[in-house]
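Read the structure below first, then the notes.
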Amino acid sequence: MVAERVDMGGYTLIENAPLGARNTLRVNARARLLAEVRDAAKLPELLDFPAVRQGKLLVLGEGSNLLLTGDVDGTVLAMATRGVQVEQEGDVTRIAVAAGERWDDFVRWTLGQGYAGLENLILIPGTVGAAPIQNIGAYGAEVAEFVESVEAWDTRERRVAILTRRDCAFAYRDSVFKHEPGRYIVTAVRFALPRTHALRLDYAGIREELVRMGVDKPAPFHVAEAVVHLRSRKLPDPAVIGNAGSFFKNPIVDASVGEALKREHPELVAWTGADGRWKLSAAWLIEASGFKGVREGDAGISNRHALVLVNHGQATGAELWAFAQRVMAEVREKFGVGLETEPVVV
Ligand code: EPU
C-alpha cells in the first residue's frame, strides 16, 4: 500500500506509514498516521486534528529505546526539529537544543567547542529530546547532572511547560516523563555545561583504556575516545544488527535480598548505592540463566552483551516481546528477581 504524504508547513502527515526504518530494533510495524514535526510551535495545531485527538499518540525520536509489539493504531509524532542556542555565563555555558537533534552529534559538537561534561555519554543512540525521558547514563555519568530544564508541550494543560531539573524527578533510567506517560512532549532541552570539571574515570575499563591509548593526562575528548572504544567492543551496533541497547534495567533490591543472593551465588555482580540498596547486574543474571547468545527464530539475546535484545532479521515485535518475557520469567524463576524493561514497550 502506498503511503499518502501531505506537507502541512512545519510538519508532514503520512498515512499508513511504515516504521521499520524508524526503530532500531527494526520491527516492521505501521502507524495509522505519522506526523514528522519540524516546527514545535505547530504542535497545538497538529494535536487538535480530530484524527489525532481521538487516537493514541506515540512520540518518537530515533526509535532507539522502543519495542513496537504491533501496528500503532493512532498517531506517531516523529520529532525532527533542529537547532542549538548558546549563552555564555561566566564559566558555565547554557545550551538550548531542539528535541530532534541527534544526541551523539550534540555530544561531539560540545566536545569540539571545548565544553566538558558529556564525554562519558558519547555514542548513545537517540535524540536529545529522548535523553531526559529515561535519564540516559553510561560509564559513571547520567544526563540529569547536566540538564538545567526541559521544555515540553503539556498535553493536559495545553500549554508550554518548563520543567526544572527538580521537576523532572530524575532517577536511575527514570523521570517524571515516565511517571506521567503521554502528558509531555519534549520540545527542547536546556543544558548547563562547565568549561572544566572533574573527569569520571572510575567506571570499569576507562582507566585501562586510557593507558592502552597512551594518555596519562586525559582531557574530556580522550575520555570520549576511551568510551567509544569500550562501547564499540561491548555493544552491538544497531546499524549492523537490530537492537535497542540495554533492554533490561539493572534491578535495585534491598540489601538483605542482595546479601542473600550473594551468599548463594558468590560470583553475582552487584553495586551498592548511596542509599544502601543494591543494584544487581541484569547482564550477569541473564548470562547466568543461560541466555547470552541464545536465539529463537530471529529474536535473541546478543552474544556480546547479555542485556541487549537483538533482531537477527525478520523478528516481529510480538516475537521479540515473547522472547524478552521468557528471559524475564527464567531470571525470576532462578534468582527470584523481577527485571524491568528499559525501552518503552508499545
Ligand atoms: N556482564 C555480564 N555479562 C554480559 C555483560 C556484562 O555478566 O554479557 C557483567 C560484567 O560483570 C560486567 C557488568 O555486568 O562487568 C557490567 O557490565 P557493563 O559495564 O556493560 O554495564 P551494565 O550495567 O550491563 C550499564 C548500562 C549501559 C551502559 C553501561 C556502561 C543499564 C541498563 N545499562 O550496563 O547502558 O552502556 O552500563 O556504563 O544501566 C543502555 O542503557 O542502553 C546502555 C547500553
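Structure notes:
- Remark: pairs (first residue in the stretch 185-206, more than 14 Å from E87 (Cα to Cα); second residue of a type in the set (K, R); Cβ separation under 6 Å; 6+ apart in sequence or on different chains) = L201/R207.
- Those residues of the stretch 152-175 which are free of Cβ contacts under 8 Å to residues at least 40 places away in the same chain and either assigned to a loop (DSSP other than H, G, I, E, B) or within 16 Å of the ligand (Cβ to nearest atom) (or both), in sequence order: R156, E157, R165, R166, D167, C168, A169, F170, A171
- Residues of the stretch 109-140 classified as small (G, A, S), more than 9 Å from the ligand (Cβ to nearest atom) and surrounded by fewer than 21 Cβ atoms within 10 Å (Cβ to Cβ), total: 3
- Counting only strands (runs of 3 or more DSSP E) that sit completely within the stretch 1-117, zero hold 3 or more residues that are among the acidic types (D, E) and touching a residue at least 60 places away in the same chain (Cβ under 8 Å).
- Residue within the stretch 140-151 that is modelled with pLDDT of 95 or more and in a loop (DSSP other than H, G, I, E, B) present: yes
- Screening P238 with (1) within 15 Å of the ligand (Cβ to nearest atom); (2) not in a loop (DSSP other than H, G, I, E, B) gives one miss only, at (2).
- The residues of the stretch 187-230 that are β-branched (V, I, T), outside any helix (DSSP H, G or I) and surrounded by 14 or more Cβ atoms within 10 Å (Cβ to Cβ), listed by number, are T187, V189, V215.
- For the stretch 141-165, the set of residues classified as crowded, with 20+ Cβ neighbours inside 10 Å, over 30 Å from A204 (Cα atoms) and among the β-branched types (V, I, T) consists of V150 only.
The values are calculated or read from the model by the stated rules, or taken from the named source; none is laboratory data. These numbers were taken from a predicted model, which means no experiment stands behind them. Note that we place each Cβ from the backbone using ideal geometry, even for glycine, and neighbour counts take in every protein chain shown.
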